[in-house]
Each structure stands twice: as structure tokens, then as C-alpha cells.
Amino acid sequence: MAVGLGNSRLPGWALKGRKLASVAIIVSALMAGQAAALAPEHETRRLMLATEEAVNAESWGEASEYLNRLQLLDVEKPADYYYYRGRVMLQSSHFNEAQSALEAYVTKAGVEGSHYQNALKLITDIERARKVQTQVPQADGEARVAVIEPAGNKRAESLRKLYLADTDREALVLHLNSLLGVTGWRKDQAVVRLDRPADIEYRLNISGNAIAYQEIKRNSSGGATRTTGQIPVFGVNPQVEWRCEPALATCWVYDPRDGSRLFQLSHSRSQAEEVAETLGRLIRNLQAPSGS
């Protein structure tokens with residue numbers, strides 16, 4: 001059978017071959033377009049310029065979109081990326097993320113950074129806003145709060161059996177230290193070896209009516225600095241807040257007294273949530289009149 005095409009008559013198989021050739025040309029053109037896409041370093045610069053324009057125009061949704069695309073690029077982010085991320089997070093009232101990003105900018109850019117002064121002012125503004133926020137009950141669904149479920153007798157019993165502990169309090173302390181031991185923060189998170197200590201880790205115990213904790217920071221030469229603190233538990237909300245910051249490969253557990261950073265952990269949402277929940281259970285246990 002022949003098929004008419006203009007003034008010529010081609011066999012069906014020939015026409016099909018011509019159509020396939022046309023498709024191949026289109027696919028080749030598309031692949032060529034992809035191959036001609038900007039290299040990551042140039043795409044980073046392009047998106048940074050677009051982000052700057054969006055922030056200056058107060059187009060926060062557009063700026064957020066560009067920042068998300070920047071985050072997916074496998075290149076080292078320029079210092080200004082963290083400044084603009086802080087601006088966008090602050091506009092959305094995500095104070096913890098905003099502060100993390102702005103502090104990252106100050107660290108990377110230093111005093112020579114073009115936004116250095118403004119970044120410092122914004123960090124101060126965030127501190128003031130968070131103080132106001134802690135005085136108002138949060139109905140924000142975006143907040144990550146470790147909710148303590150009531151009637152956790154079975155879980156407490158299982159923890160006592162797991163750690164061979166005599167009391168719930170002892171089991172919670174052992175469990176929390178175990179969690180903090182495996183979720184310590186590391187600069188190089190590509191390969192995590194538990195036989196090597198983390199760059200930042202924590203240990204805690206009970207001191208009277210307070211939770212005493214120790215922060216251990218290790219340097220590249222093997223030395224370590226230790227900082228201690230206490231959290232008196234009376235009057236403290238046992239629902240502990242936590243958040244993760246993918247750009248910094250870090251999760252934070254916040255001090256339930258004032259919302260400041262307490263524990264810097266590796267980027268594992270499930271582990272950060274469990275640390276926050278267990279800390280909340282320990283606070284509630286210490287607040288109980290009878291104790292256990």
C-alpha cells in the first residue's frame with residue numbers, strides 16, 4: 001500500500017521511517033539544549049542575582065523558589081545565599097531558621113561582607129521577636145514540637161527493661177545519653193563512624209531539681225573544650241521544640257525556657273524529634289511531686 005505525501009507517493013514503511021527521523025531530530029535538539037545549560041557555578045550566580053532582585057522587590061514567594069533551586073545545586077553556596085535565606089525565613093516568621101542562616105552568613109562573610117551590619121541587626125530583631133513569641137501560646141502548625149503522649153507507662157517499662165534501670169528517671173537519662181551519643185554533629189557527615197567521636201556531642205545527668213548537661217567540642221588536632229550548664233525544671237514547658245536546617249546539615253533542639261539553641265545535632269529529623277521528646281519526658285518526670 002502506498003501513502004500520498006504532497007506530489008510523491010511513498011510506501012508506508014518509508015513514511016514511518018521519515019516520522020521516526022523527525023522525532024529523533026527533535027529529541028536531539030532537546031538534548032542539545034540540556035547539554036547547553038549553564039554549568040553549576042554559572043547557574044548559581046544566575047539564581048543568586050534573581051534571588052537578590054526578588055528580595056529587593058519584596059517578592060518573597062519568588063525569592064523562596066530561587067533559594068530552593070539553589071539548595072539543590074551540588075556546589076558550595078556563596079555567603080550571600082545564607083543572608084537572603086535568612087531574610088526569607090524571617091519574613092515567614094521562621095525565627096530559628098532565619099537566625100541559623102544569618103549566623104552562617106556572618107561566619108562565612110565576616111566583617112567585610114556587604115550585608116554584615118544588617119545581618120547583625122536582623123539577628124537582634126529575631127532575638128527580640130522570639131522573646132515576645134515565648135510569652136504567647138503558639139498555634140502555628142509549622143512549629144516542630146515533640147508532643148508527649150499521655151499514659152506512657154508501657155514505654156517507660158520497656159525503657160527500664162532495656163537499660164536494666166530501677167526507675168523511669170534513670171532509664172530516661174540513660175536513653176537520652178544514648179540518643180545524644182549517636183546523633184552528635186559532625187563536619188563530615190558523608191561517612192559516620194560511631195567508633196570515632198562526633199565534633200560536637202552532649203552528656204547529661206540529674207542534679208537536684210535540674211538537668212545538668214555538658215557540651216563537648218572537638219577540634220581537628222584532637223583537643224576538646226567542655227561547657228556545662230543546667231536547666232532547672234520547675235515552671236518549664238516539657239514540650240520541647242526542635243527544627244532541622246538542611247542548608248547547614250544540622251538539627252537543633254531548643255531550650256524550653258527561652259527558645260534558644262540547646263543541642264546541635266546531625267541532620268536526622270527522626271533522631272532530633274526523639275531527643276526532644278525524651279528530654280520533655282525527663283522534664284515532666286522531674287516535675288512530678290512524687291518523683292520516680
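Some observations on this one:
- Residue within region 258-275 that is touching a residue at least 24 places away in the same chain (Cβ under 8 Å), part of a loop (DSSP other than H, G, I, E, B), among the β-branched types (Val, Ile, Thr) and at negative phi present: no
- Of all residues in region 54-92 being among the acidic types (Asp, Glu) and surrounded by 13 or more Cβ atoms within 10 Å (Cβ to Cβ), the one that is modelled with the lowest pLDDT: 65
- Residue under evaluation residue 281, criteria (1) crowded, with 22+ Cβ neighbours inside 10 Å; (2) within 19 Å of residue 101 (Cα to Cα), criterion not met: (2)
- From the options 190, 198, residue that is part of a loop (DSSP other than H, G, I, E, B), surrounded by 10 or more Cβ atoms within 10 Å (Cβ to Cβ), modelled with pLDDT under 95 and out of contact with any helix residue (DSSP H, G or I) (no Cβ under 7 Å at 6 or more places or on another chain): 198
- Within region 261-284, the set of residues being of a type in the set (S, T, N, Q) and over 15 Å from residue 211 (Cβ atoms) comprises 264, 266, 268, 270, 271.
- Number of residues in region 230-244 that are more than 16 Å from residue 288 (Cα to Cα) and loosely packed, with under 14 Cβ neighbours inside 10 Å equals 1.
- Residue in region 206-226 that is closer than 30 Å to residue 69 by Cα, acidic (Asp, Glu) and surrounded by 15 or more Cβ atoms within 10 Å (Cβ to Cβ) present: no
- Test result for residue 182, closer than 24 Å to residue 273 by Cβ, surrounded by fewer than 18 Cβ atoms within 10 Å (Cβ to Cβ), at pLDDT below 80 and β-branched (Val, Ile, Thr): no
- Flag for residue 112 being farther than 21 Å from residue 247 by Cα and at pLDDT 75 or above: yes
- Taken together, the criteria place residue 118 among residues that are modelled with pLDDT of 90 or more, surrounded by fewer than 18 Cβ atoms within 10 Å (Cβ to Cβ) and assigned to a helix (DSSP H, G or I).
- Pair list, Cβ under 8 Å, 6 or more apart: region 220-233 residue farther than 16 Å from residue 200 by Cβ, other residue of a type in the set (Lys, Arg): 231/257
- Any hit, region 232-239, residues being assigned to a strand (DSSP E or B), touching a strand residue (DSSP E or B) at 6+ places or on another chain (Cβ under 8 Å) and either on the phi < 0 side of the Ramachandran plot or of a type outside the set (Phe, Trp, Tyr) (or both): yes
- Only one of the numbered conditions (1) within 19 Å of residue 274 (Cβ to Cβ); (2) modelled with pLDDT under 85 is not met by residue 231, and that is (2).
- Taking region 208-222 as the range and being over 28 Å from residue 75 (Cα atoms) and modelled with pLDDT of 85 or more as the test, the residues that pass are 208, 209, 210, 211, 212, 213, 214, 215, 216.
- In region 244-292, the residues that are within 12 Å of residue 233 (Cβ to Cβ), modelled with pLDDT of 90 or more and small (Gly, Ala, Ser): 280
The values are calculated or read from the model by the stated rules, or taken from the named source; none is laboratory data. What you are looking at is a predicted structure, and each value in this text was computed from that prediction instead of being measured. Neighbour counts are summed over all protein chains in view; Cβ atoms, including those assigned to glycine, are modelled from backbone coordinates with ideal geometry.
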